[in-house]
Amino acid sequence: MAIELEVVRQIPFFTELAEDDLRQVARVTVERRYERGDIILLEGERGGSLYFVREGLIKIFKTSPEGKEQVLRLIDAGHTFNDVPALDGGANPASAAAMEASVVYGIGEAAFRRLIVERPAVAAATVKTLAAALRHLVSLVEDLSFRHVTARVAKMLLEQEEQKAAAQPAHRLTQQEMAAMAGTAREVVGRALKELEAMGAIQIQRGRITVLNRDRLRLLA
């Protein structure tokens with residue numbers, strides 16, 4: 001199926017390209033569809049492509065030898081993932097899976113690297129995207145190292161509220177997903193949520209979390 005040029009233009013790396021260049025990118029772009037829980041790529045595999053999320057939500061995660069999962073990032077529509085292997089040809093540093101029904105576009109590493117060499121605008125966008133990813137990872141290390149679990153959970157809920165305020169689609173995280181993002185156990189997240197409820201920041205009814213006081217949640221985060 002042919003990829004529309006305006007869709008290709010939405011990929012952060014290619015927003016400044018001329019129409020002829022966009023057609024070139026569209027020719028080497030492949031559309032893939034995934035259901036919730038489908039694995040898109042596995043940590044350690046090689047031959048990775050650059051991926052762009054057209055619809056849905058993708059989690060990037062690592063798994064310990066004991067099977068514990070640490071979610072590194074959630075990638076929603078309009079953003080890319082697997083950028084590093086697409087640039088250096090190395091192994092995937094993490095795995096990726098669909099958290100809901102998703103449409104993902106893939107661009108092979110050879111085609112992507114050729115565009116970086118031939119188009120300065122693509123190279124500049126690549127640097128900007130990698131810088132943003134590095135900032136996110138530094139923030140993640142800060143959260144895991146210095147923030148208590150309750151503060152990490154409060155931050156997650158606050159980020160979801162900010163997404164809703166900006167009219168962006170927000171995935172409703174389960175307690176297990178929160179635990180994977182916070183680097184802890186589900187039971188610990190459950191206790192953190194009860195603590196936030198006791199402080200008047202949220203309300204939990206039938207498993208659904210409602211934010212009552214955003215300022216208090218911000219303070220706790």
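The values are calculated or read from the model by the stated rules, or taken from the named source; none is laboratory data. The structure presented is a predicted model; accordingly, all values stated were derived computationally and were not measured. Please note: Cβ atoms are built from the backbone with ideal geometry, for glycine as well, and neighbour counts cover all protein chains shown. Only protein heavy atoms, including side chains, enter the accessible area calculation; ligands, DNA and RNA are left aside. Shrake-Rupley method; radii C 1.70, N 1.55, O 1.52, S 1.80 Å.
Taking amide hydrogens as modeled 1.01 Å from N in the peptide plane, which residues meet the under 5 Å criterion relative to Arg73, leaving out close sequence neighbours?
HN-HN under 5 Å from Arg73: Ile60.
What is the P(r) of segment 47-151, as percent of Cα-Cα pairs per 10 Å bin from 0?
P(r) for segment 47-151, in whole percents per bin: 13, 41, 35, 10, 1.
Would you please state the base-10 log of I(q)/I(0) at q = 0.11, 0.20, 0.29 1/Å for segment 137-199, with intensities from the Debye formula using one equal scatterer on every alpha carbon?
-0.25, -0.80, -1.26
Report the FRET efficiency, 1/(1 + (r/R0)^6), for Glu4 and Ile204, where r is their Cβ-Cβ distance and R0 is 41 Å, rounded to 0.05.
Numbers: r = 43 Å, r/R0 = 1.04.
The pair Glu4/Ile204 has a calculated efficiency of 0.45.
Roughly how many whole Å is it from the C-alpha centroid of segment 153-221 to that of segment 67-132?
Spelled out, the Cα-based centre of one part sits 28 Å from the other.
Only Lys, Arg, Asp and Glu count, each charged at its Cβ (+1, +1, -1, -1), so figure out the dipole size of segment 6-61 about its Cα centre, rounded to 20 debye.
Approximately 180 debye in magnitude.
Rounded, prolate or oblate, given the Cα gyration tensor of segment 1-114, with a/c below 1.5 counting as rounded? Could the numbers behind the result be given before it?
Working: a/c = 2.39, a/b = 1.61, b/c = 1.48.
Because a/c hits 1.5 or more and a/b exceeds b/c, segment 1-114 counts as prolate.
Which value, in Å², gives the accessible area per residue of the chain when a 1.4 Å probe is used on the protein heavy atoms? Present the calculation step by step, with values, prior to reporting the outcome.
Numbers: 12120 Å² over 221 residues.
Accessible area per residue: 55 Å².
Could you rank the peptides 185-198, 117-130 by their average count of other C-beta atoms within 10 Å per residue, with the highest value first? Intermediate results must be reported in sequence, preceding the final value.
Details: 185-198: 16.6, 117-130: 14.7.
Ranking, from highest mean packing down: 185-198, 117-130.
Nearest 500 deg cm²/dmol is fine: what mean residue ellipticity at 222 nm does the chain get from its DSSP H runs of n ≥ 4 alone, each adding -39,500 (n - 2.57), divided by its residue count? Intermediate results must be reported in sequence, preceding the final value.
Numbers: 9 runs with 102 residues, N = 221.
It lands at -14000 deg cm²/dmol.
Please give the FRET efficiency for Val28 paired with Glu161, using the beta carbon to beta carbon distance and R0 = 41 Å, rounded to the nearest 0.05. Please report the intermediate quantities before stating the final value.
On the way: r = 39 Å, r/R0 = 0.95.
Efficiency at R0 = 41 Å is approximately 0.60.
With label points built 7 Å along Cα→Cβ from the Cα atoms of Arg147 and Arg135, find their separation and express it in nm.
1.6 nm
Report, in debye and to the nearest 20, how large the dipole of the chain comes out about its Cα centre when Lys and Arg carry +1 and Asp and Glu carry -1 on their Cβ.
Working: 30 positive and 30 negative charges, 124 e Å.
For the chain, the charge dipole is close to 600 debye.
If all Cα-Cα distances of the chain are sorted into 10 Å bins from 0 onward, what percent lands in each bin, rounded to whole numbers?
Result, from short to long distances: 8, 30, 33, 20, 9, 1 percent.
Can you order the peptides 37-48, 133-144, 148-159 by their average number of other Cβ atoms within 10 Å per residue, highest first? Numbers along the way, then the final one.
Details: 37-48: 14.3, 133-144: 12.6, 148-159: 19.6.
Going from most to least packed, we get 148-159, 37-48, 133-144.
With point charges of +1 on the Cβ of Lys and Arg and -1 on the Cβ of Asp and Glu, referenced to the Cα centre of the chain, which listed residue (Gly44, Gln70, Leu158) lies farthest in the positive direction of the dipole?
Working it through, the farthest residue towards the positive pole turns out to be Leu158.
Could you work out how far helix 109-118 tilts from the main Cα principal axis of the chain, as a 0 to 90 degree angle to the nearest 10?
Approximately 70 degrees, to the nearest 10.
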